[in-house]
Amino acid sequence: EEVARELPEKTIIVRKLELSGAQRDLYETVRVAMSSVVREEVESKGFGRSQIVILDALLKLRQVCCDPRLLRSPAAKRVTERAKLDLLMTMLPEQVDEGRHILLFSQFTSMLALIEVELQKAGLNYVTLTGSTIDRETPIKRFQNGEVPIFLISLKAGGLGLNLTAADTVIHYDPWWNPAVENQATDRAHRIGQEKPV
């Protein structure tokens, strides 16, 4: 904003939604169980030496919010509610119909795989970029040339070094621990050469 003053406007919209049914119950079960584990760890080792357990607890709660199938537990596999994914799949077809070009970031490549399945069911074209993508240039070119409207990108693989000015919409499916990393990912679209509001 300070260097490239000619950039079009960037609007940030935060969408909040409530978990319901079995997904909400699973979240609460994980929260209570992990709270107990974290408390015991902090009491025995102190806060400074308990950070791995704390981060693991937060990770599990984030996974439940993204999609219960990300948790590797039998109870999570039985949960059919997926609040975020359901919202996403109501938004994407509308945005594609409006002619938008969308970057969709997630820290979880397994979440991107679940989103891919839904995009295929909906008949929406997309390309992906993750750490396991060998040919990075082809999906980038296909998106930049307007061949596909949706680009699924893992935050680690695509958060830096890409110029994706064909995009006018950026979706962060799950917020990152560090907001600066999230902003850098958004700026794959909101950068010099962008002519549309993002």
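The values are calculated or read from the model by the stated rules, or taken from the named source; none is laboratory data. None of the values given here were measured: they were computed from a predicted structure. Here Cβ is always computed from backbone atoms with ideal geometry, including for glycine, and neighbour counts include all displayed protein chains. Accessible surface areas use protein heavy atoms only, side chains included; no ligands, DNA or RNA. Shrake-Rupley method; radii C 1.70, N 1.55, O 1.52, S 1.80 Å.
Under the simplified labelling scheme, the Arg136-Ser20 pair shows an inter-label distance of 4.2 nm, with each label point 7 Å from Cα along Cα→Cβ.
Probing with 1.4 Å while keeping every protein chain in the model, the per residue accessible area of the chain equals 58 Å². Geometric descriptor of region 1-128, per residue, is 165 Å³ (volume of the convex hull of the Cα atoms). Carbon and sulfur atoms: what percent of the 1.4 Å accessible area of region 1-160 do they account for? C and S atoms contribute 52 percent here.
For region 49-134, the list of GluC sites (Glu not before Pro) that fall in a loop by DSSP and count at most 13 other C-beta atoms within 10 angstrom reads Glu98.
Go through Lys16/Lys60; Lys45/Lys84; Lys60/Lys141 and tell me which ones have a Cα-Cα distance over 28 Å in this structure.
With Cα atoms farther than 28 Å apart: Lys45/Lys84; Lys60/Lys141.
The relative contact order of the chain comes to 24 percent, based on Cα pairs under 8 Å that sit 6 or more residues apart. Fully extending the segment from Lys45 to Glu94 would add 12.6 nm, taking 0.36 nm per residue of separation and subtracting the current Cα-Cα distance.
Pair-distance distribution P(r) for region 67-177, from all Cα-Cα distances in 5 Å bins starting at 0: 2, 11, 23, 25, 20, 12, 5, 3, 0 percent.
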